[in-house]
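The values are calculated or read from the model by the stated rules, or taken from the named source; none is laboratory data. Since we're looking at a predicted model, the values are computed, not measured. Every residue, glycine as well, gets a Cβ built from its backbone with ideal geometry; the counts of neighbours run over all protein chains shown. Just the protein is used for accessible areas: all its heavy atoms, side chains included, with ligands, DNA and RNA removed. Shrake-Rupley method; radii C 1.70, N 1.55, O 1.52, S 1.80 Å.
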Amino acid sequence: MNILVLMKQTFDTEEKIVLDGGKVKEDGVQFIINPYDEYAIEEAIVLRDKFGGEVTVITLGPARAEEALRKALAMGADHGVHINDESLFGDEYKAAKVLADYIKTQP
């Protein structure tokens, strides 16, 4: 069984969010794997260990998202896919379309 897990990086739950000119200021902020996505990765690894197959974690985001992918791989995921296309950032429809198109290519 091949399992695909979509993962998003988010602010650490302990971080103080600061707005600057209506935008979230990211300077010096610690990012983590979204906690619910981390649970999904853990469960995918449990299922893989029980039934066989591979776990692939997919994320769409800037270069800093590679850190989260490395953590997912350290947790036991077999593969990590990073889609880093700035034209998709902030456009949820395009992002969803690119992710869906990628997923359709996977067995």
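Restricting attention to segment 49-81, the residues that are open to solvent by 60 Å² or more (accessible area, probe 1.4 Å) and touching a Ser or Thr at 6+ places or on another chain (Cβ under 7 Å) total 2.
Of the residues that sit in segment 82-101 and are free of Cβ contacts under 8 Å to residues at least 12 places away in the same chain and surrounded by 11 or more Cβ atoms within 10 Å (Cβ to Cβ), which one is farthest from LEU4 (Cα to Cα)?
Within segment 82-101, the match that is farthest from LEU4 (Cα to Cα) is ASP91.
Of (1) modelled with pLDDT under 85; (2) surrounded by 12 or more Cβ atoms within 10 Å (Cβ to Cβ); (3) among the hydrophobic types (A, V, I, L, M, F, W, C), ILE32 satisfies all except one. Which? Of everything listed in (1) modelled with pLDDT under 85; (2) surrounded by 12 or more Cβ atoms within 10 Å (Cβ to Cβ); (3) among the hydrophobic types (A, V, I, L, M, F, W, C), ILE32 misses just condition (1).
Highlighted here are the strands (runs of 3 or more DSSP E) found entirely within segment 1-87 that include at least 2 residues which are under 11 Å from the mean Cα position of the chain (by Cα) and closer than 20 Å to LEU99 by Cβ: 2-7, 9-11, 54-60, 79-83.
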